[in-house]
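First comes the structure, then the notes that go with it.
Here, each number is a calculation from the coordinates, and none is a lab measurement. These numbers were taken from a predicted model, which means no experiment stands behind them. Cβ placement follows ideal geometry from the backbone for every residue including glycine, while neighbour counts extend to all protein chains displayed.
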Amino acid sequence: MSENRTRTRAAAALIGLLALVGTVLSAPAASAAVSSGAVFNNPTVPAQQRTIVDHLRSLIKGAAAGSSIHMAIYHFDDAAVAADLVAAKDRGVDVRVVLDYSDSATGPSTTLKNALGGKLTVCTKDAACIGSKGTPIMHNKFFLFSDTSGSKNVVVQASANLNAGNTTKLWNNAVTIVGNTGLYNGYVSYFNDLAAKHKTSDYYRTVSAGNTKAYFFPRAGTDEQTDTIYNMLDDNVACEGNTSTGTETGRTIIRIAMWSFSRDDIARKLRQLADRKCWVEVVYTTLDAGSKGHLAGHDRIKLYQISGQHEVHSKYMLIEGTYAGQKDTKWVMTGSHNYTNAALRENDEALLRVESNPIHDQYRANFRTLRDAATPA
């Protein structure tokens, strides 16, 4: 009898141990810490179409209870992301969203409105949240996480909207910056002004923090002296004297991937830099006649177009060489900001500048992929 009891207790203990082991093995693994870097989708490869969306979903799912998520997005029609945001809110994350009016009635947008209530802002119909000149839109695509997967103050600046076309048709990019408190706070301040509908035609703000600088629009003005991209090129780029970056002869390389390019002042400045022996490459979807007139027919400027079934929707510029008086440096300027007058003067937009060799080189690899998929113009 005593032997039977001993066996019964041993069996029960074994069953309990196995149950505990099963529980441990079936529990989800802790998410890896987030790191700074860039991700890109490829609309021509089904397995890579949702790379950016999947990255954002992992950050949303990793958001800790008591943390905050801020999302400002132009087009929104992704049910999976909406469900993730609602689930985050339900587990105690403070979720706040700003939407352009244009997609505010989609099913996923309605889901968010019902779940978030007053923490979701829809911008003014036929206008923007901030921009008050012309026919502006709230064109932003950025995401802020105070604490996700153990990483603090995470900023994601993307070119991608959250809808089907931006995965299956368009090439896009997103850069993640982790642990830069000044940058994070600068974006939160801009988000709060969007949510408050702080109307003005001259919002222009900049925030410098570590190896980054953010620029928030619209910016008032009428000429190149108040064109942020023109000033970046005019004030900061030198074309010769590098020893470890740029061309084999040490010349600075400027690479641009652009959805829409129509600011002739930028094109004119790029040609002037090519005259000074910089190398310039542009991959674009739309390039207006005036800008193309400045860029075409120069030995050190190469133009490539991606249009038709797939198009480049990114809006970035890479500088490899001399910038701001520093030789042999690498820079990325990316965001929602097209090289159009509306992006500069009318729309709610964000542009992020990053000095980083590894991030630049991720973008350079993407640029080469775009160039290979393009047609020389």
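HN-Hα J couplings of the stretch 339-354 from phi, Karplus 6.51/-1.76/1.60, θ = phi - 60°, integer Hz, Gly and Pro as x?
Per-residue couplings from phi come out as 8, 10, 5, 4, 5, 7, 9, 10, 7, 7, 9, 10, 10, 10, 9, 10 Hz.
Report the residues of the stretch 332-352 in range of a label on residue 202: point 7 Å along Cα→C-beta, backbone N strictly under 15 Å from it.
345-346
Helix-derived [θ] at 222 nm for the chain: sum -39500 (n - 2.57) over DSSP H runs of at least 4, divide by residue count, nearest 500?
On the way: 11 runs with 128 residues, N = 377.
So the calculated ellipticity at 222 nm is -10500 deg cm²/dmol.
Using a basic spin-label model with each label point 7 Å from the Cα along Cα→Cβ, how many nm lie between residue 234 and residue 135?
Placing both labels 7 Å beyond Cα along the Cβ direction yields 2.9 nm.
Provide the FRET efficiency to the nearest 0.05 for the residue 44-residue 286 pair, computing r from the beta carbons and using R0 = 25 Å.
It comes to 0.80.
Distances longer than 34 Å among the Cα atoms of the chain: what percent of all pairs is that?
So the portion of pairs separated by more than 34 Å is 31 percent.
Short version: ³J(HN,Hα) in whole Hz for each residue of the stretch 139-153, in order, from phi by Karplus 6.51 cos²θ - 1.76 cosθ + 1.60 (θ = phi - 60°), x for Gly and Pro, what are they?
9, 5, 8, 9, 9, 10, 10, 6, 7, 9, 6, x, 9, 9, 6
Apply the a/c threshold of 1.5 to the C-alpha gyration tensor of the stretch 231-376 and tell me whether it is rounded, prolate or oblate.
Rounded shape, in that the Cα axes give a/c under 1.5.
Over the chain, calculate the relative contact order: mean separation of alpha carbon pairs under 8 Å at least 6 apart, over the residue count, as a percent.
Contact order relative to length: 16 percent.
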